[in-house]
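A.B. asks: Once you've had a glance at the structure underneath, I'll fire off some questions.
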Amino acid sequence: MASTTPFPKWQLAILLGAPLAIGLGYLYLRNRLEDPEKKKIADLKAKTTISLDNEENNAKASESAIDRAMKLKGAGNRAFHAGEYDKAIALYNEAIEACPPDRPVDLATFYQNRSACYEKREMWEQVKEDCTFALKLNEKYVKAFLRRSRAAEKSGDLVLALEDVTSACILERFQVQSSLVNADRILKALGRQHAREALAKRHPVMPSKHFIKTYFSAFSEDPIAQIQLDANDVGGFCKAKKALDLQQYDSVVDACTEELEADGKYKYEALLLRATFYLLLGRHDEAQADLGKVIDSDATLKVKVNALIKRASLFTQLENTERCLEDFANAAKLDPNNSDIYHHRGQVYLLLERMDEATAEFAKAVELNPEFSIAYIQKCYADYRHAQLHKNVGALNQVRADFERALERFPRCAEAYILFAQVLSDQQEWGRAESLFDSALSVDPNNATLYVHKGLVQLQKNTDFDKAVKLINKAIEMDDKCDFAYETLGTIEVQRGNLRRSLELFEKAIALAKTELEMTHLFSLKDAAAAQLKVSERWGLDWTVS
């Protein structure tokens, strides 16, 4: 269920978890090679640590020097605010030269101010260099961290950008909204970069049997399921259909290919089924190619419409909403009484937070097929989201009554118990929610995600980390391809401060992800946990929850 909170997920982890950067962690330590800047920095540090031979005489000289340096800084500030950046740079240069060695904080300010001029000139390397000098002199200088972060982002160094904005957030104790927004933006950009790199190298993983069964159950007018083979039917599609019915999913794609190579009588159905499994495997280019062939063929109406619905869903995963809705519109023109079109388009609108359209689509799906339990239950859930959005108390009460009727009408539909339980959890009615998840388990005992939901109830109700972790580990034991379990448990372990364990869990979730969108989200979580670990090692912090 989507969250209604305005905070990004890593911030929620901070707010719910241990002090400081729980959930934020995405700090990267950079081991830099020797470069010309290092000598400058070393000389600068030496300069600020030179002992004074004659304290009294040097104190007088120092007082005079710092006064001059501060006057130059003031003149530089006035030039800066007047937009005279070259003049300001020259004045800050003089201030730096005049500054005595026993005033490192002031010297850091002069470097930071000069970097502001370079920032106005979009001279990003000079900005980073001056901020680096400032941070060597004042290691907790928030302005220098933030400015170097901006320069690093502009110059494409997302790792340094994220490192610096994270340091600033921690020093600000997460109280400055603008820094948090910058951190979230950079984190997403880095997550997307990592996701694209990972997708180029990923090996497709077949989802769990339960996941595949649930996917197919979301279509009430599945043309593949409606085909009844007789004893005389042979060939690749016959093998694929039998493998599908027996949940021997690994052999489906090859069997479909056999039908296509033989140009068999079920070639379009084989093409559609192969495309479906390419979708499930995350092989998007191949799925799109096969679906396109079906849509442009002389296949039966139901086969073409099912292909359009699935390609529309694929475009959603690829974040191409325009093409997605175009395919749904074409499907509705071809087969306006097909409830699957409105059911799946309603799900897309729900994801897009377009609640008016979502509720209308689910209502149409239920009107066309009132006995399809999945669509009926999702209509109830969409109505709940709509009522919640508009703070309509009367509509919320009606939704609860509709859910109660749904349980009576569809007692063998696990989705009914699950979505009603999520609504009740949202309303903090933990006892009834937990009871409904138990009822769902009695109907669907092989559904590992139910143990994840039960674990989350324990966390929300009692902040019982141990019980939540035990339940989610049970989900993983039941289904080692339950990405929801790995992601949720990884997030909990971040909150508990078990950062190394969280990294392992996020890595397992990433291996199961099928889209760039999923991977971007998961890499953001992983980067957060890795950074938290880096921060703890740098500053000697321990956020483990005992």
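The values are calculated or read from the model by the stated rules, or taken from the named source; none is laboratory data. All values reported here derive from a predicted model rather than from experimental measurement. We place every Cβ from the backbone using ideal geometry, glycine too, and count neighbours over all the protein chains shown. Accessible surface is based on the protein model in full, side chains and every heavy atom, while ligands, DNA and RNA are left aside. Shrake-Rupley method; radii C 1.70, N 1.55, O 1.52, S 1.80 Å.
A.B. asks: Rounded, prolate or oblate, given the Cα gyration tensor of the range 377-453, with a/c below 1.5 counting as rounded? Walk me through the intermediate numbers first.
C.D. replies: Values: a/c = 2.21, a/b = 1.64, b/c = 1.35.
Prolate shape, in that a/c is at least 1.5 and a/b is the bigger ratio.
A.B. asks: Got a number for carbon plus sulfur as a percent of the chain's accessible area, 1.4 Å probe?
C.D. replies: On the way: 12910 of 26080 Å².
Accessible surface attributable to carbon and sulfur in the chain totals 50 percent.
A.B. asks: Ignoring everything except DSSP H segments at least 4 long, calculate the 222 nm mean residue ellipticity for the chain; use -39,500 (n - 2.57) per segment, divide by total residues, nearest 500.
C.D. replies: Values: 27 runs with 398 residues, N = 546.
Result for the chain: -24000 deg cm²/dmol, rounded to the nearest 500.
A.B. asks: If a/c stays under 1.5 just call it rounded; otherwise compare a/b with b/c (prolate if a/b is bigger, oblate if not). Do that for the chain, with a ≥ b ≥ c from the square roots of the Cα gyration tensor eigenvalues.
C.D. replies: Working: a/c = 2.61, a/b = 2.18, b/c = 1.20.
It comes out prolate by the Cα gyration axes.
A.B. asks: Taking θ as phi - 60°, what are the ³J(HN,Hα) couplings along the range 304-320 by the Karplus curve (6.51, -1.76, 1.60), each to the nearest whole Hz, with x for Gly and Pro?
C.D. replies: Each residue of the range 304-320 in turn: 5, 5, 4, 5, 5, 4, 5, 5, 4, 5, 5, 5, 4, 4, 8, 6, 10 Hz.
A.B. asks: What distance in nm separates the simple spin-label points at ARG78 and LYS209, each placed 7 Å from Cα in the Cβ direction?
C.D. replies: For ARG78 paired with LYS209, the spin-label model returns 8.2 nm.
A.B. asks: While we're here: Suppose R0 equals 51 Å; then what is the FRET efficiency for GLU197 and ARG68 from their Cβ-Cβ distance, rounded to the nearest 0.05? Can you show the working numbers first?
C.D. replies: On the way: r = 52 Å, r/R0 = 1.02.
My answer for the efficiency is 0.45.
A.B. asks: So what J values fall out for the range 173-179 if you push phi through Karplus, 6.51 cos²θ - 1.76 cosθ + 1.60 with θ = phi - 60°, rounded to Hz, Gly and Pro as x?
C.D. replies: Running phi through 6.51 cos²θ - 1.76 cosθ + 1.60 with θ = phi - 60° gives 6, 6, 9, 9, 4, 4, 5 Hz.
A.B. asks: Still on this structure, I have one more. Would you mind working out the accessible area per residue for the chain, using a 1.4 Å probe, and quoting it in Å²?
C.D. replies: Details: 26080 Å² over 546 residues.
In whole numbers, the chain has 48 Å² accessible per residue.
A.B. asks: Same structure, new question: Highest mean first, how do 398-408, 431-441 rank when packing is the count of other Cβ atoms within 10 Å averaged over residues? Provide the component values of the computation, followed by the final result.
C.D. replies: Working: 398-408: 15.8, 431-441: 18.8.
Listed from highest to lowest mean packing, they are 431-441, 398-408.
A.B. asks: Follow-up. Below 8 Å between Cα atoms, with a sequence gap of 6+, how large is the relative contact order for the range 426-515 in percent? Show your work: numbers first, answer last.
C.D. replies: Numbers: 92 pairs, mean separation 18.8, N = 90.
Relative contact order comes out at 21 percent.
A.B. asks: For the pairs LYS310/LYS481; LYS304/LYS379; LYS201/LYS242; LYS242/LYS265; LYS293/LYS364, flag any whose C-alpha to C-alpha distance is greater than 27 Å. Could you put the intermediate results ahead of the total?
C.D. replies: Working: LYS310/LYS481 23 Å; LYS304/LYS379 25 Å; LYS201/LYS242 32 Å; LYS242/LYS265 16 Å; LYS293/LYS364 29 Å.
Correct reply: LYS201/LYS242; LYS293/LYS364.
A.B. asks: Calculate one ³J(HN,Hα) per residue across the range 504-509 by plugging θ = phi - 60° into the Karplus curve 6.51 cos²θ - 1.76 cosθ + 1.60, and present them in order as whole Hz with x for glycine and proline.
C.D. replies: With the stated coefficients, the range 504-509 comes to 4, 5, 5, 4, 5, 5 Hz.
A.B. asks: Another question, then. Taking R0 as 35 Å, what's the FRET efficiency between LEU517 and LYS265 from their Cβ-Cβ distance, rounded to 0.05? List each step's numbers first, then the result.
C.D. replies: Working: r = 38 Å, r/R0 = 1.09.
For LEU517 and LYS265, the calculated efficiency is 0.40.
A.B. asks: Further question on the same structure: So if we plug the beta-carbon distance of GLU404 and ARG121 into 1/(1 + (r/R0)^6) with R0 = 56 Å, what FRET efficiency do we get, rounded to 0.05?
C.D. replies: 0.25
A.B. asks: Determine, for each peptide in 216-228, 112-124, the mean count of other beta carbons within 10 angstrom over its residues, then list the peptides with the highest first.
C.D. replies: Per-residue Cβ counts within 10 Å, averaged per peptide and sorted highest first, yield 112-124, 216-228.
A.B. asks: Under 5 Å between amide hydrogens, which residues at least 5 positions from MET206 or on another chain qualify, with H placed 1.01 Å from N in the peptide plane?
C.D. replies: Amide H neighbours of MET206, under 5 Å, 5+ apart: none.
A.B. asks: Students often forget the sequence filter, so: which lysines lie under 19 Å Cα-Cα from LYS73 once same-chain residues fewer than 8 apart are removed?
C.D. replies: Output for LYS73: LYS87, LYS120, LYS143.
A.B. asks: Which of the three applies to the range 200-282, rounded, prolate or oblate, going by the alpha-carbon gyration tensor with a ≥ b ≥ c and a/c under 1.5 meaning rounded?
C.D. replies: Numbers: a/c = 1.91, a/b = 1.33, b/c = 1.43.
Because a/c hits 1.5 or more and a/b fails to exceed b/c, the range 200-282 counts as oblate.
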